[in-house]
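The values are calculated or read from the model by the stated rules, or taken from the named source; none is laboratory data. Source: prediction; values computed, not measured. Virtual Cβ from ideal backbone geometry, glycine too; neighbours counted across all protein chains shown. Surface accessibility is based on the protein's heavy atoms, side chains included, excluding ligands, DNA and RNA. Shrake-Rupley method; radii C 1.70, N 1.55, O 1.52, S 1.80 Å.
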Amino acid sequence: MTTDAQTPLALRGRDIRKTFRRATGEIVNALDGVSLDVAQGTLTALVGPDGAGKTTLIRLATGLIFADAGELTVLDVDVAADPQRVQDRISYMPQKFGLYEDLSVQENLDLYADLHGVSHEERKQRYPRLMEMTALGPFTRRLAGRLSGGMKQKLGLACTLVRSPELLLLDEPTVGVDPLSRRELWDIILRLVNEQKLSVILSTSYLDEAERCGHVVVLHEGKMLAHGDPAE
């Protein structure tokens with residue numbers, strides 16, 4: 001997948017390879033020569049079944065793990081060479097986001113704001129927008145452990161947005177949530193892309209979700225099978 005030379009890229013990968021060794025000793029090719037470009041300000045879906053390599057690719061982009069071979073840059077930064085610089089500019093929501101269930105909605109937001117060094121002035125501006133976007137405003141005092149699955153996902157998303165990332169990485173954000181919450185999460189994601197021009201890369205195993213995205217990358221057993229507009 002290539003883009004015009006003048007198009008700013010959120011992510012650029014060339015011949016990315018990553019293997020893991022299972023407890024049995026078996027070698028698994030999680031990513032096997034994947035190359036892709038993701039333009040800034042777009043919504044890109046990594047689509048495929050479990051074991052396709054989606055989560056591995058997202059974790060490589062965060063700098064939490066490193067490729068065995070190939071090149072990967074995020075926001076024009078070599079991830080392997082300077083992972084902290086990348087992490088300072090992105091937000092990442094894994095499949096199991098680390099909410100503190102014995103803290104309230106507000107306390108979780110404050111904790112993540114503290115971790116990211118978000119000033120109190122920035123919080124005054126950002127919190128109302130996040131509460132309006134996620135409809136969590138009436139529940140700020142409720143313990144996170146008492147939220148529904150869909151509300152927990154929305155809180156997790158809000159926590160990733162307490163600062164202003166240049167790239168948002170979401171690993172299967174709608175898995176295990178009810179249909180209404182799934183639709184609400186998608187409304188939030190589309191608003192972030194369409195109104196704030198945020199670059200978003202998400203993984204999903206649902207083809208109907210991929211159709212909502214501007215660009216789709218289909219992965220299977222570590223290889224890229226296809227890419228392009230969903231209509232293709």
Could you name the lysines whose alpha carbon sits less than 16 Å from that of residue 54, not counting residues in the same chain fewer than 8 places away? 18, 96, 223
Given charges of +1 on the Cβ of Lys and Arg and -1 on the Cβ of Asp and Glu, with all other atoms neutral, how large is the dipole of the stretch 101-187 about its Cα centre, in debye to the nearest 20? 280
Show me, for the stretch 136-141, the HN-Hα J-couplings you get by feeding each phi into the Karplus relation (A = 6.51, B = -1.76, C = 1.60, θ = phi - 60°), rounded to Hz, glycine and proline as x. 9, x, x, 10, 4, 8
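Counting heavy atoms of the protein chains only and a 1.4 Å probe, report the per residue accessible area for the stretch 1-143 as a whole number of Å².
Roughly 54 Å² per residue, with all protein chains present.
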Using label points projected 7 Å from each Cα along Cα→Cβ, tell me how many nm separate residue 85 and residue 103, to one decimal. 3.0
Along the Cα→Cβ direction, 7 angstrom out, place labels at residue 40 and residue 226. What is the inter-label distance in nm? 3.1
Carbon and sulfur %, accessible surface of the chain computed with the full protein complex present, 1.4 Å: 49
With equal scatterers on the alpha carbons only and no solvent term, can you work out the Debye log10 of I(q)/I(0) for the stretch 111-232 at 0.12 1/Å? -0.50
Just order 118-125, 7-14 by mean Cβ neighbour count inside 10 Å, highest at the front, would you? 7-14, 118-125
Computed P(r) (all Cα pairs; the stretch 2-139; 5 Å bins; percent): 2, 8, 14, 17, 16, 14, 12, 9, 5, 1, 0
Long-range amide H contacts for residue 33: which residues qualify at under 5 Å (H placed 1.01 Å from N, peptide plane, sequence gap of 5 or more or a different chain)? 16, 17, 18
Specify which residue in the list 108, 73, 91 is farthest towards the positive end of the charge dipole of the stretch 1-135, using unit charges on the beta carbon of Lys, Arg (+1) and Asp, Glu (-1), about the Cα centre. 73
Calculate the all-directions average of the projected area of the chain's alpha-carbon convex hull, and give it in nm². 13.3
DSSP beta bridges in the chain: the antiparallel percent, rounded to 5, is 55
Could you give the nm distance between label points at residue 207 and residue 123, where each point is 7 Å from its Cα heading toward the beta carbon? 4.6
The stretch 205-232-the stretch 94-138 distance, computed between alpha-carbon centres (Å): 31
Here D for the stretch 100-148, in µm²/s, from Stokes-Einstein with a Kirkwood Rh over Cα pairs at 25 °C and 0.890 mPa s, works out to 221
Phi angles of the stretch 165-171, converted by Karplus (6.51 cos²θ - 1.76 cosθ + 1.60, θ = phi - 60°) into ³J(HN,Hα) in whole Hz with x for Gly and Pro, give x, 8, 9, 10, 10, 10, 9
On a straight-distance basis, which aspartates and glutamates could pair with residue 154 in a cross-link, Cα separation under 16 angstrom, same-chain partners fewer than 8 positions away excluded? 101, 107, 110, 132, 171, 172, 178, 184, 187
